[in-house]
Structures are given as structure tokens and as C-alpha cells.
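The values are calculated or read from the model by the stated rules, or taken from the named source; none is laboratory data. From a predicted model like this one, the values you see are computed outputs, not experimental measurements. Glycine gets a Cβ as well: all are built from the backbone with ideal geometry, and neighbour counts include every protein chain shown. Heads up: the accessible areas ignore ligands, DNA and RNA and are worked out on the full protein's heavy atoms, side chains in. Shrake-Rupley method; radii C 1.70, N 1.55, O 1.52, S 1.80 Å.
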Amino acid sequence: MTMISNAPVPTRHRVRASVFLPAVGLIAAAATQIDAAIITNAYRSESPAPKDSLNFPWFGGLAGQISTWWSFAGLFVVIGLGALARSQALRASRAGRAGASVAVLGASTLVVANFLSAANANAMMADGIGGVIGSMFGGGTLLLGIGLTLAGVAVLRSGAWHGVARFVPLANGLWSFAMIALIFGDLLQVSIGIMAALQVALGATLIAEEA
């Protein structure tokens with residue numbers, strides 16, 4: 001006699017690689033930026049580099065190498081923000097998707113700015129190219145603020161994410177606005193570390209809520 005069980009069969013949730021992999025990349029890139037920000041901030045008081053140099057406290061060949069590394073790390077941030085733009089939470093919001101796309105543009109601008117910093121490792125802020133690159137950092141950060149704030153509001157309205165997670169994109173956007181006031185000051189590296197920590201939280205939220 002064959003026994004038929006009516007017990008529910010557990011459902012296996014399929015991991016969405018299109019979200020999971022970019023989110024992991026975002027977490028890894030942002031986590032290394034936290035470490036870099038701590039080291040850079042600690043080196044400020046000992047650096048022999050001119051304080052008005054573009055890449056202070058780094059200078060010369062080392063500044064070029066570090067800026068190149070920041071650029072490649074930034075590419076993973078761009079990809080991670082692209083995953084946010086394709087998320088279920090923003091699917092029904094045109095403004096939210098547009099905001100996430102603006103954030104991708106902002107992160108891409110920072111990648112280009114870091115590449116240019118590497119190519120002009122000895123530039124001073126008073127130089128023409130130094131001013132242009134500095135403006136790109138400011139503009140990219142502003143775009144991140146605008147884009148992630150729009151996306152964050154859309155996530156809140158969608159109700160798709162739950163708990164503290166639903167506030168993470170908005171927190172990223174608002175902090176990007178705050179960074180604009182700090183980007184050329186002594187608290188720059190601290191503010192970058194906080195931004196990177198928020199990006200780690202965003203990556204983890206994408207995995208928890210979307211992947």
C-alpha cells in the first residue's frame with residue numbers, strides 16, 4: 001500500500017544572480033574603501049605632500065596607484081547601483097528608476113574623476129586640471145545625492161522592502177548631499193568611510209530584499 005503524504009513541500013527560493021553578484025561586488029568594493037579611508041585619514045598628519053595637492057595626502061606615483069585602485073573599486077559600485085535600478089522595489093516607479101539611473105551616472109563620474117586623478121597625480125588644486133577634477137568629484141557626489149534620494153523615496157513608497165532596510169537607499173542619498181560640504185575639508189576621508197559603510201548596507205539590503 002502506498003502512503004501519500006500531505007505535508008507541505010518546502011519551496012526553494014531561487015537566487016537572482018543578476019542582483020546577488022552585483023550586490024556582492026558592491027559590498028566588497030565599499031568594504032575595501034572603508035579600510036582605505038581609515039588608512040588615508042591616519043596618514044594625513046604625517047604626509048609630506050602639499051596640502052593643496054589634488055590627491056592629498058598622497059602624492060606622486062603612490063597617488064596614481066591609489067587613485068587607479070579607487071577607480072576600479074568604483075566600477076563595482078556602478079554595477080551595484082545598476083542592480084538597484086533594476087530592482088523589484090523600483091519597477092513601478094518611473095521616478096525611482098530615473099533616480100537610480102542618475103545615481104549610476106554620478107558613480108560613473110567619480111570613476112572617471114579617479115582615473116583622471118591617477119593620470120595627474122602631482123596636480124595642485126590651483127591648476128586648471130586640478131579644478132576640473134575637483135569639480136567632477138563634487139558633481140558626481142551631487143548626482144549620487146539626487147539619484148539615491150529619489151530612488152530612496154520611491155522604495156519607501158513601494159512598500160516592497162521591510163524594516164530598517166527600506167531606509168537604506170534614502171540614507172545613502174542624504175549622506176551624499178552632506179558630503180558636498182565636507183569634500184574639500186579635513187573630514188573628507190571620514191565622510192568617504194561613512195558613505196562606503198552605507199554602500200555596504202545597500203549591497204546587503206539588495207541581497208536580503210531582492211536576491
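Scanning the range 165-189 for residues that are open to solvent by 50 Å² or more (accessible area, probe 1.4 Å), closer than 16 Å to Gly138 by Cα and either assigned to a helix (DSSP H, G or I) or touching a residue at least 40 places away in the same chain (Cβ under 8 Å) (or both) gives Leu174, Trp175, Phe177, Ile180, Phe184, Asp186. Looking at this structure, is Leu105 open to solvent by 60 Å² or more (accessible area, probe 1.4 Å), out of contact with any Lys or Arg (no Cβ under 8 Å at 6 or more places or on another chain) and either of a type in the set (Ser, Thr, Tyr) or over 18 Å from Ala31 (Cβ atoms) (or both)? So Leu105 fits the description; yes. Would the range 107-114 turn up any residue that is among the polar types (S, T, N, Q) and touching a Phe, Trp or Tyr at 6+ places or on another chain (Cβ under 9 Å)? Yes, some residue in the range 107-114 is among the polar types (S, T, N, Q) and touching a Phe, Trp or Tyr at 6+ places or on another chain (Cβ under 9 Å). Cβ separations smaller than 9 Å between residues 6+ apart or across chains give the following pairs from the range 19-34 residues that are without any contact (Cβ under 8 Å) to a residue 24 or more places away in the chain to residues that are open to solvent by 10 Å² or more (accessible area, probe 1.4 Å): Leu21/Ile79; Leu21/Ala211.
Let's see how each residue does on (1) closer than 20 Å to Ile183 by Cα; (2) crowded, with 21+ Cβ neighbours inside 10 Å; (3) touching a Pro at 6+ places or on another chain (Cβ under 8 Å); (4) touching a residue at least 12 places away in the same chain (Cβ under 8 Å):
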| residue | (1), (2), (3), (4) |
| --- | --- |
| Gly64 | yes, no, no, yes |
| Ser67 | yes, yes, no, yes |
| Val77 | yes, yes, no, yes |
| Gly80 | no, yes, yes, yes |
| Leu84 | no, yes, yes, yes |
| Leu116 | yes, no, no, yes |
| Ala121 | yes, no, no, yes |
| Met124 | yes, no, yes, yes |
